[in-house]
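*Asks:* The structure that follows is given in the form of structure tokens.
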Amino acid sequence: MVAYSIVTGPVPGVLHRIVDMHDSYYGSRWGFDAAFTHKNVVELSDFLGGFDPGCDGLWTAHVGGTVEGSVAIDGSPTTVRGMAELRWFLVSDSLRGHGAGSRLLDAALTFCRDKAFSTVHLWTFAGLDHARRLYDDAGFVLTEQRHGTRWGTEVVEQRLELDL
């Protein structure tokens, strides 16, 4: 079992590490390119720059001081009132299978309940079976599916929602 800790809130270096983990995972396995990197850098920078602990959350899993997993809740006023968006959920290969994904997701959903969000949604794509099992176990349901290129390559995009 790998020893890890969950840290709440933004910490120095988190932007670079989350983007790097996403680039490594999705680039090597799904062929995502620089457009995906750009999207993550811009959107995560904006999220962290406007981070409001009253409606936004960020949890990272750390092994020996290195971020090896992440999840965020974007509850900013620009989203639909009462609806939060789950984003940047990923656990590195070194930590996968050790329960970190479940702990991160639980922390995010507990936050949403504590902040009285009525719904949490996320965008993912077909083929991410491990993450999809976690979403299904948490009670998320598929509400939309379509072919799309929002991440720089064509995939079957899926919108999942959880009523709280």
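*Asks:* Taking the Cα centre of the chain as origin, work out the dipole magnitude from +1 charges on Lys and Arg Cβ and -1 charges on Asp and Glu Cβ, in debye rounded to 20.
*Replies:* The dipole of the chain has a size of about 120 debye.
*Asks:* Could I ask something else about it? In the neighborhood of Val91, defined by Cβ-to-Cβ distances under 12 Å, what is the net charge if each Lys or Arg adds +1 and each Asp or Glu adds -1?
*Replies:* 0
*Asks:* Based on the Kirkwood radius over alpha-carbon pairs, what is the Stokes-Einstein translational diffusion coefficient of the chain at 4 °C with 1.567 mPa s viscosity, in µm²/s?
*Replies:* Stokes-Einstein gives a translational diffusion coefficient of 81 µm²/s.
*Asks:* Can you compute the equivalent ellipsoid semi-axes for the range 1-81, i.e. the square root of 5 times each eigenvalue of the Cα gyration tensor, sorted largest first and rounded to whole Å?
*Replies:* Computed over the range 1-81, the values are 21, 19, 10 Å.
Taken together, the values in this text are just the output of simple stated rules run on the coordinates, not laboratory data. Small disclaimer: the values here were computed from a predicted structure and weren't measured. Quick reminder, even Gly has a Cβ in these numbers, built from the backbone with ideal geometry, and neighbours come from all protein chains shown.
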